[in-house]
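Student: Have a look at this one.
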Amino acid sequence: MTHQPGDAPSVPRRTGPFAAGDRVQLTDAKGRHYTMVLTPGAEFHTHRGALQHDAVIGLPEGCVVKSTNGDAFLA
């Protein structure tokens, strides 16, 4: 199967703020990528602190969120 220019993407795209169930890619200051699926009440832990999923839900794509240690991540 080949794709022609103008074909619809195979992955549906959604716009608007992040919602529960969305897969979010976080990028730290060194350019490292982390992926999480947003779940209400959950936390994502890194060596740079934890991020509350609830703090990301409702934010627009491209925002900056801070961990419990104050480190910034681009969402």
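Each value in this text was obtained by applying a stated rule to the coordinates, not by laboratory testing. Only a predicted model underlies this, so the values are computations on that prediction, with no experimental measurement involved. We place every Cβ from the backbone using ideal geometry, glycine too, and count neighbours over all the protein chains shown.
Student: Say each of Thr15 and Val64 gets a label point 7 Å from the Cα, pointing the same way as Cα to Cβ; how far apart are those two points in nm?
Tutor: Each label point is offset 7 Å from its Cα along the Cβ direction, giving 2.5 nm.
Student: Quick one: what are the phi-derived ³J(HN,Hα) couplings along segment 23-29, Karplus 6.51/-1.76/1.60 with θ = phi - 60°, whole Hz, x for glycine and proline?
Tutor: Residue by residue, segment 23-29 yields 8, 10, 9, 9, 10, 8, 5 Hz.
Student: Then there is this: What does the charge count around Asp28 come to, taking other residues whose C-beta lies under 13 Å from its C-beta (Lys +1, Arg +1, Asp -1, Glu -1)?
Tutor: After counting each charged neighbour, the total is +3.
Student: Can I ask one more? How high is the FRET efficiency from Thr39 to Asp71, r the C-beta distance, R0 22 Å, rounded to 0.05?
Tutor: After rounding to 0.05, the efficiency reads 0.55.
Student: Would you please give the residues with an amide H less than 5 Å from that of Thr39, counting only those at least 5 places away or on a separate chain, with H modeled from the backbone geometry?
Tutor: Those lying under 5 Å, H to H, from Thr39 are Gly21.
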